[in-house]
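For reference, the structure is listed below as structure tokens.
The values are calculated or read from the model by the stated rules, or taken from the named source; none is laboratory data. All values derive from a computational prediction rather than experimental measurement. Here the Cβ positions follow ideal geometry from the backbone for every residue, glycine too, while neighbour counts run over all protein chains shown. The area values use the complete protein model at the heavy-atom level, side chains included, leaving out ligands, DNA and RNA. Shrake-Rupley method; radii C 1.70, N 1.55, O 1.52, S 1.80 Å.
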Amino acid sequence: CMPRSLDLPVALLAVLKAGAAYVPLDPSLPESRLHFMLDDAGIDVVLTQAELWTAVDFGDRRILPVDAARTLLDGYSDGVPVVSVTADDPAYVIYTSGST
């Protein structure tokens, strides 16, 4: 859940490399729509920017503000993560105005 910026494609790549599914959440959407998408998709972790962390209610999900986390990530390996992903695992879920 972040505005268009350089952090966005970096976060998308990180999600995919971690073997997770990407669900784009537009921070300009009404909060009720964001809550529906978060709940419906079963989202556990939200990647966002520090300015949105307090501006949007993400409920009790884990929040990772990617712009503030850069210094926290310095100690981690920059190698390829070892994850098990199959063709049956979703890469992304897109919500539109009338369908999923």
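Any chance you could look up the accessible area of residue 97 with a 1.4 Å probe, heavy atoms only, rounded to 10 Å²?
Spelled out: residue 97, probe radius 1.4 Å, area about 130 Å².
Please calculate how many Å² of accessible area the chain carries per residue, with a 1.4 Å probe and no DNA, RNA or ligand atoms counted.
Solvent-accessible surface per residue comes out at 70 Å².
Collect residues whose amide H, placed 1.01 Å from N in the peptide plane, falls under 5 Å from the amide H of residue 63; neighbours closer than 5 in sequence don't count.
For residue 63, the qualifying residues are 46.
Along Cα→Cβ, 7 Å out, is where each label goes; now give me the distance between the ones at residue 41 and residue 12 in nm to one decimal.
Going from the residue 41 label point to the residue 12 one covers 1.2 nm.
Could you identify which residue out of 80, 46, 23 has the top mean-square fluctuation in a GNM of the chain using Cα springs shorter than 10 Å?
Maximum among the listed residues: 80.
How many nm is it between the label spots at residue 53 and residue 92, if each spot is 7 Å from the Cα in line with the beta carbon?
2.6
Compute the separation of the alpha-carbon centres of the range 1-31 and the range 46-66 and state it in Å as a whole number.
Result: 12 Å between the Cα centres.
Quick check: at a probe of 1.4 Å, how many percent of the accessible area of the chain sits on carbon and sulfur atoms?
Whole-percent figure for carbon plus sulfur exposure: 57.
Report the calculated FRET efficiency for residue 32 and residue 72 (r = Cβ-Cβ distance, R0 = 35 Å), to the nearest 0.05.
My answer for the efficiency is 0.65.
Over the heavy atoms of residue 7, what accessible area does a 1.4 Å probe trace out, to the nearest 10 Å²?
Estimated to the nearest 10 Å², residue 7 gives 30 Å².
For the chain, how big is Rg over Rh, using alpha carbon atoms and the Kirkwood form of Rh?
Taking Rh as the inverse mean 1/r over Cα pairs, Rg/Rh reads 0.96.
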